[in-house]
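Asks: Before we start, here is the structure in question, set down as C-alpha coordinates.
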Amino acid sequence: MALTQQHFENAEALTAQFAQSLTDILAQGIEKRGRASLVVSGGRTPLALFKTLSKTDIDWSKVDVTLADERWVGEEHEASNTRLVKDNLLQNNASVANFVELKTDDADAADGIAQAESNLSSMSQPFDALILGMGEDGHTASLFPCSAQIEDGLNLSSGKICLAVQPTTAPHQRISLTLPAILNSRNIFIHLTGDKKKAVLEDALEHNTELEKPVTAVVNRAPVTLMWAP
Ligand SMILES: O=C(O)[C@H](O)[C@@H](O)[C@H](O)[C@H](O)COP(=O)(O)O
(Lines give C-alpha, C1' and ligand atoms only; values in the text may rest on other atoms or scores of the structure.)
Protein backbone atom coordinates (compact mmCIF):
# COMPACT_ATOMS: atom_id res chain seq x y z
CA MET A 1 0.00 0.00 0.00
CA ALA A 2 1.03 3.60 -0.53
CA LEU A 3 2.42 5.95 2.07
CA THR A 4 1.20 9.48 1.34
CA GLN A 5 3.69 11.91 2.79
CA GLN A 6 2.68 15.36 4.01
CA HIS A 7 5.81 17.25 5.04
CA PHE A 8 5.60 20.55 6.88
CA GLU A 9 8.25 23.21 7.41
CA ASN A 10 7.78 23.07 11.19
CA ALA A 11 5.78 21.35 13.92
CA GLU A 12 3.41 24.31 14.24
CA ALA A 13 2.38 24.09 10.58
CA LEU A 14 1.95 20.32 10.93
CA THR A 15 -0.23 20.71 14.01
CA ALA A 16 -2.49 23.31 12.38
CA GLN A 17 -3.09 21.29 9.22
CA PHE A 18 -3.40 17.96 11.07
CA ALA A 19 -6.00 19.37 13.46
CA GLN A 20 -7.98 20.73 10.50
CA SER A 21 -7.82 17.41 8.63
CA LEU A 22 -8.98 15.49 11.70
CA THR A 23 -11.75 18.00 12.34
CA ASP A 24 -13.01 17.54 8.79
CA ILE A 25 -12.91 13.73 9.09
CA LEU A 26 -14.76 13.71 12.42
CA ALA A 27 -17.38 16.21 11.23
CA GLN A 28 -18.00 14.05 8.17
CA GLY A 29 -18.35 10.94 10.33
CA ILE A 30 -20.89 12.67 12.55
CA GLU A 31 -22.82 13.91 9.52
CA LYS A 32 -22.91 10.52 7.79
CA ARG A 33 -23.27 8.15 10.76
CA GLY A 34 -24.37 10.20 13.71
CA ARG A 35 -21.15 9.59 15.64
CA ALA A 36 -17.42 9.62 14.88
CA SER A 37 -14.54 7.66 16.37
CA LEU A 38 -10.97 8.83 16.97
CA VAL A 39 -8.06 6.66 18.08
CA VAL A 40 -4.96 8.48 19.31
CA SER A 41 -1.51 7.42 20.47
CA GLY A 42 0.37 8.50 23.55
CA GLY A 43 3.92 9.75 23.88
CA ARG A 44 5.28 13.28 23.51
CA THR A 45 4.68 13.88 19.79
CA PRO A 46 0.90 14.45 19.87
CA LEU A 47 0.79 16.96 22.76
CA ALA A 48 0.48 20.14 20.65
CA LEU A 49 -1.99 18.41 18.34
CA PHE A 50 -4.19 17.43 21.29
CA LYS A 51 -4.26 20.98 22.60
CA THR A 52 -5.17 22.45 19.20
CA LEU A 53 -7.71 19.74 18.42
CA SER A 54 -9.45 20.28 21.78
CA LYS A 55 -10.49 23.77 20.64
CA THR A 56 -11.92 22.85 17.24
CA ASP A 57 -15.58 23.51 16.54
CA ILE A 58 -17.32 20.17 16.03
CA ASP A 59 -20.02 18.44 18.08
CA TRP A 60 -17.57 16.63 20.34
CA SER A 61 -20.49 15.11 22.26
CA LYS A 62 -20.85 12.82 19.23
CA VAL A 63 -17.21 11.75 19.19
CA ASP A 64 -15.82 8.63 20.86
CA VAL A 65 -12.10 8.82 21.66
CA THR A 66 -9.83 5.95 22.62
CA LEU A 67 -6.14 5.03 22.62
CA ALA A 68 -4.13 2.82 20.29
CA ASP A 69 -2.35 1.59 23.38
CA GLU A 70 -2.05 2.21 27.09
CA ARG A 71 0.58 1.59 29.71
CA TRP A 72 -0.92 -0.61 32.44
CA VAL A 73 -0.62 2.04 35.13
CA GLY A 74 -3.18 4.10 37.05
CA GLU A 75 -4.44 7.39 35.66
CA GLU A 76 -2.46 9.21 38.38
CA HIS A 77 0.79 7.77 37.00
CA GLU A 78 2.86 10.11 34.83
CA ALA A 79 3.16 7.39 32.19
CA SER A 80 -0.61 7.09 31.76
CA ASN A 81 -1.77 7.80 28.21
CA THR A 82 -5.31 8.12 29.57
CA ARG A 83 -4.10 10.97 31.76
CA LEU A 84 -2.27 12.54 28.79
CA VAL A 85 -5.47 12.48 26.70
CA LYS A 86 -7.74 13.72 29.49
CA ASP A 87 -5.34 16.52 30.43
CA ASN A 88 -4.65 17.72 26.88
CA LEU A 89 -7.27 16.56 24.38
CA LEU A 90 -10.46 16.17 26.44
CA GLN A 91 -10.43 19.84 27.40
CA ASN A 92 -12.20 22.95 26.01
CA ASN A 93 -14.72 22.03 23.26
CA ALA A 94 -13.54 18.42 23.35
CA SER A 95 -14.24 18.06 27.07
CA VAL A 96 -17.67 16.60 26.20
CA ALA A 97 -16.26 13.81 24.01
CA ASN A 98 -16.81 10.24 25.20
CA PHE A 99 -13.55 8.57 26.26
CA VAL A 100 -13.52 4.80 25.80
CA GLU A 101 -11.19 3.20 28.37
CA LEU A 102 -8.61 0.55 27.55
CA LYS A 103 -7.35 0.34 31.14
CA THR A 104 -9.27 -1.64 33.77
CA ASP A 105 -8.62 -2.12 37.49
CA ASP A 106 -7.22 -5.58 36.89
CA ALA A 107 -3.67 -6.07 38.15
CA ASP A 108 -2.57 -7.52 34.81
CA ALA A 109 -3.39 -6.27 31.33
CA ALA A 110 -4.25 -9.80 30.21
CA ASP A 111 -7.15 -9.81 32.67
CA GLY A 112 -8.49 -6.55 31.24
CA ILE A 113 -8.60 -7.53 27.57
CA ALA A 114 -12.20 -8.76 27.52
CA GLN A 115 -13.49 -5.56 29.14
CA ALA A 116 -11.38 -3.37 26.85
CA GLU A 117 -12.69 -5.17 23.77
CA SER A 118 -16.25 -4.80 25.06
CA ASN A 119 -15.65 -1.08 25.59
CA LEU A 120 -14.25 -0.68 22.07
CA SER A 121 -17.24 -2.47 20.54
CA SER A 122 -19.33 0.57 21.52
CA MET A 123 -17.38 2.77 19.07
CA SER A 124 -18.33 3.48 15.48
CA GLN A 125 -16.10 1.19 13.39
CA PRO A 126 -14.22 1.32 11.14
CA PHE A 127 -12.62 4.07 13.22
CA ASP A 128 -12.94 7.39 11.41
CA ALA A 129 -9.38 8.46 12.23
CA LEU A 130 -6.52 6.56 13.84
CA ILE A 131 -3.23 8.26 14.72
CA LEU A 132 -0.06 6.24 15.26
CA GLY A 133 3.30 7.31 16.60
CA MET A 134 6.47 5.33 16.14
CA GLY A 135 9.46 4.56 18.28
CA GLU A 136 13.00 4.42 16.88
CA ASP A 137 12.76 0.63 17.20
CA GLY A 138 9.90 0.70 14.71
CA HIS A 139 7.19 -0.06 17.28
CA THR A 140 3.80 1.51 16.81
CA ALA A 141 0.98 1.54 19.32
CA SER A 142 2.49 -1.02 21.69
CA LEU A 143 3.36 -3.51 19.00
CA PHE A 144 6.98 -3.80 20.12
CA PRO A 145 9.42 -5.91 18.07
CA CYS A 146 11.16 -6.90 21.30
CA SER A 147 8.04 -8.39 22.85
CA ALA A 148 7.08 -12.06 22.92
CA GLN A 149 3.58 -10.98 21.83
CA ILE A 150 4.55 -9.35 18.53
CA GLU A 151 3.57 -12.24 16.25
CA ASP A 152 0.17 -12.44 17.92
CA GLY A 153 -0.21 -8.67 17.65
CA LEU A 154 0.48 -8.75 13.90
CA ASN A 155 -1.67 -11.81 13.24
CA LEU A 156 -4.51 -10.73 10.95
CA SER A 157 -6.58 -13.82 11.74
CA SER A 158 -6.23 -13.75 15.54
CA GLY A 159 -9.77 -12.43 15.99
CA LYS A 160 -8.30 -10.15 18.66
CA ILE A 161 -8.88 -6.40 18.91
CA CYS A 162 -6.52 -5.88 21.84
CA LEU A 163 -3.70 -7.78 23.47
CA ALA A 164 -1.47 -7.48 26.50
CA VAL A 165 2.15 -6.71 25.66
CA GLN A 166 5.25 -6.86 27.84
CA PRO A 167 8.00 -4.91 26.07
CA THR A 168 11.58 -5.56 27.14
CA THR A 169 12.95 -2.23 25.91
CA ALA A 170 10.31 0.03 27.43
CA PRO A 171 8.72 0.23 30.87
CA HIS A 172 5.30 -1.01 31.91
CA GLN A 173 3.04 -3.77 30.74
CA ARG A 174 0.81 -2.48 27.96
CA ILE A 175 -2.50 -3.08 26.29
CA SER A 176 -2.37 -2.46 22.55
CA LEU A 177 -4.68 -2.54 19.60
CA THR A 178 -3.73 -5.42 17.33
CA LEU A 179 -2.80 -4.92 13.69
CA PRO A 180 -6.25 -6.01 12.46
CA ALA A 181 -7.87 -3.51 14.84
CA ILE A 182 -5.55 -0.73 13.63
CA LEU A 183 -6.34 -1.55 10.01
CA ASN A 184 -10.07 -1.30 10.74
CA SER A 185 -9.88 2.46 10.18
CA ARG A 186 -11.08 4.82 7.47
CA ASN A 187 -8.08 7.14 7.85
CA ILE A 188 -4.73 6.05 9.29
CA PHE A 189 -2.05 8.60 10.10
CA ILE A 190 1.53 8.20 11.28
CA HIS A 191 2.55 11.32 13.18
CA LEU A 192 6.29 11.90 13.39
CA THR A 193 8.66 14.78 14.03
CA GLY A 194 12.41 14.93 13.49
CA ASP A 195 14.79 13.66 10.85
CA LYS A 196 15.78 10.58 12.84
CA LYS A 197 12.31 9.07 12.99
CA LYS A 198 11.66 9.82 9.32
CA ALA A 199 14.90 8.04 8.45
CA VAL A 200 13.95 5.09 10.68
CA LEU A 201 10.58 4.75 8.92
CA GLU A 202 12.05 5.05 5.41
CA ASP A 203 14.83 2.57 6.20
CA ALA A 204 12.35 0.15 7.80
CA LEU A 205 10.10 0.20 4.74
CA GLU A 206 13.13 -0.49 2.58
CA HIS A 207 14.99 -3.09 4.59
CA ASN A 208 13.08 -4.58 7.49
CA THR A 209 10.54 -7.30 8.05
CA GLU A 210 7.28 -6.54 9.81
CA LEU A 211 8.43 -8.44 12.88
CA GLU A 212 11.60 -6.33 12.99
CA LYS A 213 9.75 -3.01 12.48
CA PRO A 214 6.03 -3.49 13.16
CA VAL A 215 5.11 -0.04 11.84
CA THR A 216 5.77 -1.43 8.33
CA ALA A 217 2.95 -3.94 8.80
CA VAL A 218 0.47 -1.03 8.85
CA VAL A 219 1.97 0.75 5.85
CA ASN A 220 2.09 -2.51 3.89
CA ARG A 221 -1.63 -3.13 4.31
CA ALA A 222 -3.48 0.17 4.24
CA PRO A 223 -3.32 3.64 2.79
CA VAL A 224 -1.41 5.62 5.43
CA THR A 225 -0.71 9.33 5.56
CA LEU A 226 2.59 10.35 7.13
CA MET A 227 2.32 13.72 8.86
CA TRP A 228 5.93 14.86 9.36
CA ALA A 229 7.85 17.96 10.34
CA PRO A 230 11.55 18.39 11.12
O1 LIG B 1 2.18 4.60 24.47
C2 LIG B 1 3.03 5.04 23.70
O3 LIG B 1 4.16 5.36 24.04
C4 LIG B 1 2.68 5.29 22.26
O5 LIG B 1 1.51 4.88 21.85
C6 LIG B 1 3.85 4.89 21.41
O7 LIG B 1 3.58 4.04 20.36
C8 LIG B 1 4.39 6.22 20.91
O9 LIG B 1 3.52 6.70 19.89
C10 LIG B 1 5.79 6.09 20.38
O11 LIG B 1 6.58 5.46 21.38
C12 LIG B 1 6.36 7.47 20.08
O13 LIG B 1 6.41 8.19 21.27
P14 LIG B 1 6.96 9.72 21.30
O15 LIG B 1 5.94 10.53 20.58
O16 LIG B 1 7.08 10.07 22.75
O17 LIG B 1 8.30 9.70 20.57
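Asks: Which fully enclosed helices (runs of 4 or more DSSP H) of the range 123-230 have 2 or more residues being over 26 Å from Ala109 (Cα atoms)?
Replies: Per the criteria, 195-207.
Each row is one residue, and each column tells you yes or no for (1) open to solvent by 30 Å² or more (accessible area, probe 1.4 Å); (2) more than 12 Å from the ligand (Cβ to nearest atom); (3) not aliphatic (A, V, I, L, M).
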{"site": "Trp60", "(1), (2), (3)": "no, yes, yes"}
{"site": "Asp106", "(1), (2), (3)": "yes, yes, yes"}
{"site": "Phe127", "(1), (2), (3)": "no, yes, yes"}
{"site": "Ile131", "(1), (2), (3)": "no, no, no"}
{"site": "Asp152", "(1), (2), (3)": "yes, yes, yes"}
{"site": "Ser157", "(1), (2), (3)": "yes, yes, yes"}
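Asks: Another one. Does the range 195-225 hold any residues that are closer than 15 Å to Leu183 by Cα and either open to solvent by less than 70 Å² (accessible area, probe 1.4 Å) or in contact with a Gly (Cβ under 7 Å, 6 or more places away or on another chain) (or both), and which are they?
Replies: Initial filter on the range 195-225 (closer than 15 Å to Leu183 by Cα): 210, 214-225.
Answer for the range 195-225, where residues must be closer than 15 Å to Leu183 by Cα and either open to solvent by less than 70 Å² (accessible area, probe 1.4 Å) or in contact with a Gly (Cβ under 7 Å, 6 or more places away or on another chain) (or both): Glu210, Pro214, Val215, Thr216, Ala217, Val218, Val219, Ala222, Val224, Thr225.
Asks: Could you count how many residues in the range 83-106 are part of a loop (DSSP other than H, G, I, E, B) and among the basic types (Lys, Arg)?
Replies: 1
Asks: It is to be established whether one or more residues within the range 11-30 are assigned to a loop (DSSP other than H, G, I, E, B) and of a type in the set (Gly, Ala, Ser). Working first, answer last.
Replies: Start the filter on the range 11-30 by keeping residues that are assigned to a loop (DSSP other than H, G, I, E, B), which leaves none.
No, the conditions are met nowhere in the range 11-30.
Asks: Here is a further query. Filtering the range 86-110 down to residues that are in contact with a helix residue (DSSP H, G or I) (Cβ under 6 Å, 6 or more places away or on another chain) and polar (S, T, N, Q), which residue is farthest from Glu75 (Cα to Cα)?
Replies: This residue is Asn93.
Asks: So, in the range 23-54, exactly how many residues are within 26 Å of Arg174 (Cα to Cα) and either among the acidic types (Asp, Glu) or within 16 Å of the ligand (Cβ to nearest atom) (or both)?
Replies: Residues flagged as within 26 Å of Arg174 (Cα to Cα) and either among the acidic types (Asp, Glu) or within 16 Å of the ligand (Cβ to nearest atom) (or both) within the range 23-54 amount to 15.
Asks: Turning to a different aspect of this structure: Residue check: is Arg71 of a type outside the set (Asp, Glu), within 15 Å of the ligand (Cβ to nearest atom) and surrounded by fewer than 17 Cβ atoms within 10 Å (Cβ to Cβ)? I'd like the intermediate steps shown before the answer.
Replies: Numbers: of a type outside the set (Asp, Glu): yes; within 15 Å of the ligand (Cβ to nearest atom): yes; surrounded by fewer than 17 Cβ atoms within 10 Å (Cβ to Cβ): no.
Criteria not met by Arg71.
Residues checked against (1) of a type in the set (Val, Ile, Thr); (2) under 17 Å from Gln125 (Cβ atoms); (3) under 17 Å from the mean Cα position of the chain (by Cα):
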position	(1), (2), (3)
Val165	yes, no, yes
Leu179	no, yes, yes
His191	no, no, yes
Lys197	no, no, yes
Val200	yes, no, no
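Asks: Quickly run through the range 187-213 and pick out the residues that are among the basic types (Lys, Arg) and over 21 Å from Pro46 (Cβ atoms).
Replies: Within the range 187-213, no residue meets the criteria.
The values are calculated or read from the model by the stated rules, or taken from the named source; none is laboratory data. Since this is a predicted model, take the numbers as computed values, not measurements. Every residue, glycine among them, receives a Cβ derived from its backbone with ideal geometry; neighbour counts consider all protein chains shown. These accessible areas exclude ligands, DNA and RNA; they are computed on the full protein's heavy atoms, side chains included. Shrake-Rupley method; radii C 1.70, N 1.55, O 1.52, S 1.80 Å.
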